[in-house]
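The values are calculated or read from the model by the stated rules, or taken from the named source; none is laboratory data. Predicted, not measured: the structure shown is a model, and the values here were computed from it. Here the Cβ is made from the backbone with ideal geometry for all residues, glycine too, and neighbour counts use every protein chain on show. Just so you know, the surface numbers come from the protein's heavy atoms only, side chains and all, with ligands and any DNA or RNA stripped out. Shrake-Rupley method; radii C 1.70, N 1.55, O 1.52, S 1.80 Å.
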Amino acid sequence: MDLLDDNALDFISNAPDGEFMKFLEESGDDVAELDRKGQAAFGVAIKKHGDAKRGALRQQAAQRKAALAQRSVEVPTDRLDLLALAKQLQARGAAIGRAVSLQHRELKDLPDEELRGFVAELVALQTSDPTKE
Amino acid sequence: MDSSHIDDEPDEPGDVLASDAEVDAEVMATSRDAMLRRRLVKGASFLLSRTSKLQGTCTEEDLLQTALTAILERRRKWKKNRVDFIGLVFGVMKSLASNADRILAKTTVETVSESVLAGDGLGELASPLANIAGDGPTPQEAYSAKEEQAELDAAVASLRAQIEPNDPALHIFDLLLAGKSKKEIREQLGLISNEFWSADRRLSRHVDAFATKRGTE
């Protein structure tokens, strides 16, 4: 029976359109109903897949955000390290046209707290740059 | 279409796997083709009519949608060198229907065994040890297999009897059972394309009606 079933399936998938339509007619199949069922099946599968893809993108965005938060926490506390990192980020920011204003001051003149804020702002700015991702 | 080997098989060196973009594009293109959608729904309906337990539990829409989802989520790969997209969907539906039916049949048998055997003194047969004690089939299994084969032979004979003796569909029937491919059959019968597909339609119609009738009995 398997051979006969496989042959019937082959007919259903490969027969010329005219023979296939005649087959449906002889089988008493309602073509409009087949069309409705086909559209519904494709509609649900495509929507489900789209939702899953969007969910994955949202998850990726959340992971990026979490990584960014993690990086801002990792801003060094030691002043010398802070100054070195700030200088490095300033140079990279200049290269990509993104800068944070020091309001006409030098890095070395900033108190620790402002220096940390400056570094965190540069990190956020450069990480959110789509060309750097 | 040849959907006899689809995607449960391991990849081989010459296999060409479709990319994500190709799969997505093919699903979208097929969703816009009314004739292809009809063929897939009819195929799903046919496959369900061949199951003993699954029919009545799920619809052809469910089967088609589940197959498409499995393909879109890449749980089923499309090896383009082996099968076209429609063949892939048919193959995945066939595999899903067969697996689900087997699981349902097993569950049903176990449930029946527990309730029936507990009351008639044959309860020990349900023990897992009874199943691994012997190497070959038990007399009961051998009897069931023989009975199943006899039923199958009767079904094939009954189906054959429904085809007109002079109909080329009967020759296709016999040659298929003799293991010939469609191409070989067409060459052997010397039929032109229209004649061949027309005879194949009548045969497929008998097979479809027979499956539906058996399913409702």
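Are any residues in region A:1-52 facing chain B (nearest Cβ under 7 Å), within 43 Å of the chain's Cα centre (by Cα) and among the basic types (Lys, Arg), and if so, which ones?
Scanning region A:1-52 gives A:Lys37, A:Lys48.
Restricting the first residue to region B:138-162 and requiring it to be away from chain A (no Cβ under 11 Å), which pairs with a second residue that is in a helix (DSSP H, G or I) and open to solvent by 60 Å² or more (accessible area, probe 1.4 Å) meet a Cβ separation below 9 Å and a spacing of at least six or different chains?
B:Thr138/B:Leu125; B:Thr138/B:Asn131; B:Gln140/B:Leu125
Determine whether B:Ala100 is more than 17 Å from A:Ala45 (Cα to Cα) and within 21 Å of the chain's Cα centre (by Cα).
Values: more than 17 Å from A:Ala45 (Cα to Cα): yes; within 21 Å of the chain's Cα centre (by Cα): yes.
Judged against the criteria, B:Ala100 is a match.
Considering every residue within region B:70-92, establish whether at least one is at pLDDT 95 or above and within 20 Å of B:Ala209 (Cα to Cα).
Taking every residue of region B:70-92 in turn, at least one turns out to be at pLDDT 95 or above and within 20 Å of B:Ala209 (Cα to Cα).
For region A:53-62, check the following and say yes or no: at least one residue is closer than 27 Å to B:Val83 by Cβ, out of contact with any helix residue (DSSP H, G or I) (no Cβ under 7 Å at 6 or more places or on another chain) and open to solvent by less than 70 Å² (accessible area, probe 1.4 Å).
Kept after step one, since they are closer than 27 Å to B:Val83 by Cβ, are these residues of region A:53-62: A:53.
Restricting the remaining residues to those that are out of contact with any helix residue (DSSP H, G or I) (no Cβ under 7 Å at 6 or more places or on another chain) gives A:53.
Those still in the list that are open to solvent by less than 70 Å² (accessible area, probe 1.4 Å) too: none.
Checking region A:53-62: not a single residue is closer than 27 Å to B:Val83 by Cβ, out of contact with any helix residue (DSSP H, G or I) (no Cβ under 7 Å at 6 or more places or on another chain) and open to solvent by less than 70 Å² (accessible area, probe 1.4 Å).
Within region B:175-197, identify whether any single residue is part of a helix (DSSP H, G or I), polar (S, T, N, Q) and away from chain A (no Cβ under 13 Å), and answer yes or no.
Yes: region B:175-197 contains one or more residues that are part of a helix (DSSP H, G or I), polar (S, T, N, Q) and away from chain A (no Cβ under 13 Å).
Checking the structure you have, find out if any residue of region B:59-70 is farther than 13 Å from A:Ala41 by Cα, assigned to a loop (DSSP other than H, G, I, E, B) and more than 7 Å from every other protein chain (Cβ to nearest Cβ).
Among the residues of region B:59-70, not one is farther than 13 Å from A:Ala41 by Cα, assigned to a loop (DSSP other than H, G, I, E, B) and more than 7 Å from every other protein chain (Cβ to nearest Cβ), which makes the answer no.
Which condition number in (1) under 30 Å from B:Ser198 (Cα atoms); (2) modelled with pLDDT under 95; (3) not β-branched (Val, Ile, Thr) is the one that A:Asp30 fails?
Evaluating A:Asp30 over (1) under 30 Å from B:Ser198 (Cα atoms); (2) modelled with pLDDT under 95; (3) not β-branched (Val, Ile, Thr) leaves (2) as the failure.
So which residues in region A:96-133 are loosely packed, with under 12 Cβ neighbours inside 10 Å, part of a helix (DSSP H, G or I) and modelled with pLDDT under 80?
Residues satisfying the conditions are A:Pro130, A:Thr131, A:Lys132.
Can you tell me which residue is least open to solvent (accessible area, probe 1.4 Å) among those in region B:138-163 that are in contact with a helix residue (DSSP H, G or I) (Cβ under 7 Å, 6 or more places away or on another chain) and assigned to a loop (DSSP other than H, G, I, E, B)?
B:Ile163
Can you give me the number of residues within region B:32-52 that are within 13 Å of B:Leu96 (Cα to Cα) and basic (Lys, Arg)?
1
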